[in-house]
1. Within region 196-224, track down each residue that is assigned to a strand (DSSP E or B) and buried (at least 18 other Cβ atoms within 10 Å of the Cβ).
2. Does region 167-179 contain at least one residue that is at pLDDT 95 or above, in contact with a helix residue (DSSP H, G or I) (Cβ under 6 Å, 6 or more places away or on another chain), assigned to a loop (DSSP other than H, G, I, E, B) and under 22 Å from residue 245 (Cβ atoms)?
3. Kindly indicate whether any position in region 168-188 is assigned by TED's automatic domain parsing to the domain that holds residue 121, in contact with a strand residue (DSSP E or B) (Cβ under 9 Å, 6 or more places away or on another chain) and without any contact (Cβ under 8 Å) to a residue 40 or more places away in the chain.
4. Can we say residue 275 is outside the structural domain of residue 61 (by TED's automatic domain parsing) and surrounded by fewer than 18 Cβ atoms within 10 Å (Cβ to Cβ)?
5. In this structure, is residue 325 in a helix (DSSP H, G or I) and touching a residue at least 40 places away in the same chain (Cβ under 8 Å)?
6. Quick one: would you say residue 502 is part of a loop (DSSP other than H, G, I, E, B) and at pLDDT 95 or above?
7. Quick check on my filter: what residues within region 353-380 are buried (at least 17 other Cβ atoms within 10 Å of the Cβ) and not in a loop (DSSP other than H, G, I, E, B)?
8. Please state which of the following conditions residue 404 fails to meet, knowing it meets all the rest: (1) in contact with a strand residue (DSSP E or B) (Cβ under 9 Å, 6 or more places away or on another chain); (2) more than 21 Å from residue 347 (Cα to Cα).
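The values are calculated or read from the model by the stated rules, or taken from the named source; none is laboratory data. Note that the coordinates shown come from a computational prediction; the quantities given were computed from them, not determined experimentally. Quick reminder, even Gly has a Cβ in these numbers, built from the backbone with ideal geometry, and neighbours come from all protein chains shown.
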């Protein structure tokens with residue numbers, strides 16, 4: 001379906017109505033990640049949505065880091081997020097923004113609320129605060145410190161700022177309604193004491209604003225026209241609006257919520273992803289099995305495939321689960337159309353072509369891609385000794401087996417038809433070598449005797465090839481809902497999510513291929529050089545996805 005005829009999602013309808021009525025003159029969105037972990041596939045949907053809306057309506061999109069909790073944040077995460085956004089094909093407007101850029105202004109607004117009699121310093125502990133807050137069915141009760149005078153609150157808040165209290169000794173809270181049906185409105189915390197150095201502001205502050213106090217005000221300072229969040233922030237919207245209404249902000253942004261991206265066989269909880277990293281279940285945040293954008297990039301997913309997946313998932317207000325096979329479909333579709341072909345033997349078995357001269361070498365020509373002339377041709381050296389895959393030979397087999405069998409013929413892709421004569425075994429009875437014959441004059445044509453080959457197999461020259469390591473990645477979890485039914489999510493881990501093959505043989509052209517090139521290893525799947533471990537002296541290829549969905 002063309003972009004012109006594509007139905008509008010509910011946010012696009014809101015934007016078009018806002019532009020039509022003049023409520024907004026320019027669309028300005030923002031992507032506001034917390035720099036406390038790596039971005040995952042769920043964040044990708046938010047990136048595609050926010051940057052995509054700005055692009056569609058000729059507006060601008062900010063990248064703003066919600067850096068209000070220095071104890072969990074790191075510049076490593078900041079840098080990885082910037083790289084992820086660029087890699088997905090987007091560029092933020094102007095300089096990168098940080099919530100910490102606005103700490104001085106937020107502090108002044110906190111004082112403004114105190115002076116208006118709408119905020120107070122509370123000495124309740126965190127546990128006591130929870131007790132006083134009440135429950136969904138029981139109203140809360142006011143803090144015993146709620147009626148402090150404005151002067152006392154100003155003095156205490158200044159002492160908080162100067163570091164005269166220990167962490168947890170007190171906090172600054174808004175005065176709203178302790179009986180409000182929305183728990184977020186029951187005197188929420190605006191500032192808490194954290195004596196921690198901040199990656200942007202250093203040791204300037206020992207009090208930090210809450211997410212709710214910083215988020216909406218950051219939107220207002222940046223004049224965001226449409227503040228788009230996932231549905232779990234819907235209950236925060238009344239508080240978002242309360243701050244906007246009760247502070248002298250320069251703009252009045254509106255918050256809109258959409259359903260987050262939930263994918264089966266996947267987890268996107270940062271806490272659980274961090275546990276996988278900390279317990280070394282995976283090789284870091286960018287492990288190719290992780291649903292992080294950096295992990296997917298390392299595995300070989302393309303920006304186009306992820307953007308397409310996010311578009312297929314849609315933008316609605318109804319939570320649901322998207323089948324991971326949809327994501328796998330988008331990457332297969334992209335790579336099938338664009339990945340050059342190559343041959344790589346994952347489990348090498350030597351074949352000696354006994355009627356082929358030992359000192360003879362030919363060059364076979366193969367297309368770079370069967371449907372893409374622009375990807376040129378490959379030159380494949382061919383000689384007496386070749387490698388085929390162990391799974392492509394049997395001493396005997398039924399008619400369904402379409403590969404090399406003793407006394408039968410098979411075609412070597414882009415080369416001769418061969419016939420197997422003998423299997424050479426070691427003392428333990430394992431096949432270590434096959435002797436076969438080429439059928440003369442069969443390159444690109446069928447044999448003159450009319451006896452056709454049963455199938456086609458891939459191969460590489462035993463003399464001219466490249467050694468490589470191949471890592472076969474699969475889904476990290478074996479169950480659609482990891483941890484469902486009261487089990488720990490670790491119980492759903494797939495023991496076969498990674499298989500490492502260290503003795504693979506690739507066609508010689510792989511030795512000089514660009515590291516950014518995606519390949520279809522013919523008959524095996526789609527592969528990509530590992531950016532972390534591959535080198536010219538030790539090629540490592542990650543399987544991005546198989547040629548077909550084997551989970552069905």
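1. Within region 196-224, the subset assigned to a strand (DSSP E or B) is 198, 202, 207-209.
Scanning region 196-224 gives 198, 207, 208, 209.
2. Scanning region 167-179, I find at least one residue that is at pLDDT 95 or above, in contact with a helix residue (DSSP H, G or I) (Cβ under 6 Å, 6 or more places away or on another chain), assigned to a loop (DSSP other than H, G, I, E, B) and under 22 Å from residue 245 (Cβ atoms), so the answer is yes.
3. Within region 168-188, the subset assigned by TED's automatic domain parsing to the domain that holds residue 121 is 168-188.
Within this subset, residues satisfying the condition of being in contact with a strand residue (DSSP E or B) (Cβ under 9 Å, 6 or more places away or on another chain) are 168-175, 185, 187-188.
Restricting the remaining residues to those that are without any contact (Cβ under 8 Å) to a residue 40 or more places away in the chain gives none.
Taking every residue of region 168-188 in turn, none turns out to be assigned by TED's automatic domain parsing to the domain that holds residue 121, in contact with a strand residue (DSSP E or B) (Cβ under 9 Å, 6 or more places away or on another chain) and without any contact (Cβ under 8 Å) to a residue 40 or more places away in the chain.
4. On the way: outside the structural domain of residue 61 (by TED's automatic domain parsing): yes; surrounded by fewer than 18 Cβ atoms within 10 Å (Cβ to Cβ): yes.
Against the criterion (outside the structural domain of residue 61 (by TED's automatic domain parsing) and surrounded by fewer than 18 Cβ atoms within 10 Å (Cβ to Cβ)), residue 275 qualifies.
5. Values: in a helix (DSSP H, G or I): yes; touching a residue at least 40 places away in the same chain (Cβ under 8 Å): yes.
Criteria met by residue 325.
6. Values: part of a loop (DSSP other than H, G, I, E, B): no; at pLDDT 95 or above: yes.
When the stated conditions are applied, residue 502 does not pass them.
7. Here is the first cut: in region 353-380, the residues buried (at least 17 other Cβ atoms within 10 Å of the Cβ) are 353, 356, 364, 366, 369, 378, 380.
Within region 353-380, 353, 364, 366, 378, 380 qualify.
8. If we test residue 404 against (1) in contact with a strand residue (DSSP E or B) (Cβ under 9 Å, 6 or more places away or on another chain); (2) more than 21 Å from residue 347 (Cα to Cα), just (2) comes out false.
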